Amino acid sequence: MKLDSIDDWVRTGYSSFVTPEMDGEEVTLFGWVQEMRDLGGIRFIILQDREGTIQVTIPKKKVSPEVLSKSDALQKRYSIGVKGTVKKTNMSPRGFEVLPKEVKIFGTAALQLPIDITGKTPANIEVRLDARALDLCQEPNIAAFKIQHSAVEAIRGFLFEKGFLEVHTPRIIASATEGGAELFAVDYFGEKAFLAQSPQLYKEQLVMSLEKVFEVGPFFRAEESHTRRHLSEFVSVDVEQAFADAEEVMMLLEQLVHHTCKAVKYKCPKELEVLKHKIQVPTVPFKRLTYDEVLSDLKKKGIEVPWGEDIPTEAFRVLGKLYPPFYFITDWPTHSKAFYIKPREDNPDLCEGFDLMWRWVELVSGGKRIAEKDLLISRLKEKELKPEAFKHHLQAFDYGMPPHAGWAIGLERLTMMLTGKKNIREVTFYPRDRDRLTP
């Protein structure tokens, strides 16, 4: 088949732009064939674009031979252009249809598609991910990622308004940001390097000059966990603020979550309806619980967590039923947190780190950072990390490091919360985990 050229055609608007009040007006639409129905003397084409669908009606005896011929050739997922007239009618779901004067075919598709693009015949997630480019064309997926877009827009706007500057830090680094074995090694011109686990050390250094910084970008962890909430490549929203303590950045965080939920609820009603999900805008301040209080409450429920241990997933599921959708856990054991989290001065066994929980899922981790070089070296040794590997970061502490604090949100986990999705791979364009490197 010879494909058409777009030539001088210009879209007049997306499908959502067209209304019954435009009766008699001419429109130019672009999109993909989602469905076709042939009733003998009349043919219906459901045209899909990123904003939704629109019905194109072809009365076979009333359209030109060229339009009829083009419509005969159409199949699902062909990309096409339609020039036609809006006609008000009660027979169409949206109260109008488009009667085509011209049809152009820009791209064809295979006769047998790996998944049903209408979603009427569901496929399991592995099959969908194998055909991810097509899977992303389904309306619920478009809705989910438009919500993610609105969330990032809201986050950026909020932080800009609060005086934060957006920064971009390296992804190829010489030493581990947070220690541990969750590192991807790369060959850097014959030297061993790693993919960054987070921008932590760089954003700490940047508060010495820019004071209030944030970054939205991808980071990498060689996660052995294969759960519905872990990825090997993920997008992190990181914030760091000079001359601030943990409580100040916790207040900033709860305000940002409130603002983001409110923005998505206001801007994305259609997308939320597609997903059949309702967003509850949380009230602030969020509940604050200490690690000791959490262990005590779990004990009352028959779950004993030894002091100093991480809280297991099963226990978090219980906490998710006990507490509001959002709650902070503070005053963690120092040894359970990263080396850069500041121990409390009145009790060094506890630290000024915190987690923001969304029900039973950790959404954000943060805290006040160590600003004293000797203490940081001591903590590195406690974690069995070599200070020499962090010499360039430690140098910054000779240049007037201020007190500072910050946090990091996992964007995909935030998107799960905003969309009601249960699997983090559903809200990742092309997920990477222990078992998936393609497509």
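The values are calculated or read from the model by the stated rules, or taken from the named source; none is laboratory data. For clarity, every value in this text was computed on a predicted model and none was experimentally measured. Note: ideal-geometry Cβ built from the backbone for every residue, glycine included; neighbour counts use all protein chains shown.
Some observations on this one:
- Filter pass, residue 158 being without any contact (Cβ under 8 Å) to a residue 12 or more places away in the chain and more than 14 Å from residue 241 (Cα to Cα): no
- Of the residues making up the stretch 235-270, just one is among the small types (Gly, Ala, Ser), under 20 Å from residue 166 (Cβ atoms) and assigned to a helix (DSSP H, G or I), namely 263.
- Test: residue 290 is within 29 Å of residue 228 (Cα to Cα), of a type outside the set (Phe, Trp, Tyr), in contact with a Pro (Cβ under 7 Å, 6 or more places away or on another chain) and surrounded by 15 or more Cβ atoms within 10 Å (Cβ to Cβ): no
- Tally, over the stretch 389-439, of residues that are under 19 Å from the mean Cα position of the chain (by Cα), crowded, with 17+ Cβ neighbours inside 10 Å and among the hydrophobic types (A, V, I, L, M, F, W, C): 10
- Filtered residue count, the stretch 6-17, keeping only those that are in contact (Cβ under 8 Å) with a residue 12 or more places away in the chain and assigned to a loop (DSSP other than H, G, I, E, B): 7
- Those strands (runs of 3 or more DSSP E) of the stretch 18-120 in which 1 or more residues are of a type in the set (Lys, Arg) and within 29 Å of residue 135 (Cβ to Cβ) occupy 26-38, 42-49, 96-107.
- Tabulated pairs, the stretch 265-276, first charged (D, E, K, R), second in a helix (DSSP H, G or I), C-beta under 7 angstrom, 6+ apart or interchain: 267/150; 271/143; 271/146; 271/147
- Some residue of the stretch 297-305 being assigned to a loop (DSSP other than H, G, I, E, B), surrounded by 13 or more Cβ atoms within 10 Å (Cβ to Cβ) and in the same structural domain as residue 383 (by TED's automatic domain parsing): yes
- Filtered residue count, the stretch 163-185, keeping only those that are modelled with pLDDT of 95 or more and either assigned to a loop (DSSP other than H, G, I, E, B) or in contact with a Phe, Trp or Tyr (Cβ under 7 Å, 6 or more places away or on another chain) (or both): 9
- Any chance residue 315 is assigned by TED's automatic domain parsing to the domain that holds residue 161 and over 30 Å from residue 150 (Cα atoms): yes
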